[in-house]
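Shown next, in structure tokens, is the structure this report addresses.
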Amino acid sequence: MMKVGTRSILFGVHCWILHPWFVAWAWWKLYGFPWDPRLWVAFVVHDWGYWGKPNMDGPEGENHVWLGAWIVHCLFDWPRKIYESPCRYCGRTFPGQGGAYFGPTCSCADGCCTPCNNRWFDLCLYHSRFYAKRDGQPFSRLCVADKLAVGLTPAWLYLPLAWLSGELAEYMAGKGARTPASGRLATEWYRDVRRYCATWAWEHHDGREDTWTGTKRDLAIDPLCEER
């Protein structure tokens, strides 16, 4: 039987031919038109990791970020080692050829640190607020655009796709970090989710610290956020 993650990519909420356009639209509204073609690749592949996943927000679904992150890393993170910046884990500084705009990563298990160019990898990996919180890293701009994309997706499109793929029941049950419907109709629940996602995106588009994730914030917030 086809897994819910696969259905989501083929004809659900993360449909490969629809969702990237809403992410691109959101990016345009937040940061200007995405002229860099590498961004369009990221818009398309960032959710491909849902393929074959038995859930969307369980332990398996949460790991969906890795596939898209590795795809863009292999394609675009060249040269691999160029930075001069303290290691994000141990604080060591490395000689390099350029500035430290994105910073290095390393594995300090054996005391050997290697500064790496992970610009595009981090863009996709940290489109998940969960992963950003887990690693103590800032969420990426793709995370913000991905959230605003929900706020831009109309109910007449989102709800049928979510129902057709089987995602809707899991989302409304409040799995993972989702907000449970708690007796609300699907249309009412999604209205509030759209408001939350749009308001979170506009408040955090400048990269300010995320103090919302993991908290119980009232979703019935200013409806004008959807008009920005």
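Return yes when Cys197 is assigned to a helix (DSSP H, G or I), hydrophobic (A, V, I, L, M, F, W, C) and modelled with pLDDT of 90 or more and no when it is not.
Spelling it out, Cys197 is indeed assigned to a helix (DSSP H, G or I), hydrophobic (A, V, I, L, M, F, W, C) and modelled with pLDDT of 90 or more.
State the number of residues belonging to the stretch 200-228 that are among the small types (Gly, Ala, Ser) and modelled with pLDDT under 90.
2
From Gly61, Gly68, Gly49, grab the single residue that is buried (at least 17 other Cβ atoms within 10 Å of the Cβ) and at pLDDT below 95.
So the residue among Gly61, Gly68, Gly49 that is buried (at least 17 other Cβ atoms within 10 Å of the Cβ) and at pLDDT below 95 is Gly61.
Tell me whether the stretch 152-165 contains one or more residues that are touching a Pro at 6+ places or on another chain (Cβ under 9 Å) and without any contact (Cβ under 8 Å) to a residue 60 or more places away in the chain.
no
Going by the conditions given, is Gly12 surrounded by fewer than 23 Cβ atoms within 10 Å (Cβ to Cβ), under 19 Å from Lys175 (Cβ atoms) and touching a residue at least 60 places away in the same chain (Cβ under 8 Å)?
no
For the stretch 72-86, state whether one or more residues are among the hydrophobic types (A, V, I, L, M, F, W, C), closer than 20 Å to Asp135 by Cα, out of contact with any helix residue (DSSP H, G or I) (no Cβ under 6 Å at 6 or more places or on another chain) and at pLDDT below 90.
There is no residue in the stretch 72-86 that is among the hydrophobic types (A, V, I, L, M, F, W, C), closer than 20 Å to Asp135 by Cα, out of contact with any helix residue (DSSP H, G or I) (no Cβ under 6 Å at 6 or more places or on another chain) and at pLDDT below 90.
The values are calculated or read from the model by the stated rules, or taken from the named source; none is laboratory data. Please read these numbers as outputs of a predicted model, since none were measured by experiment. When we count neighbours, we look across all protein chains shown, and the Cβ atoms used for this are built from the backbone with ideal geometry, even at glycine.
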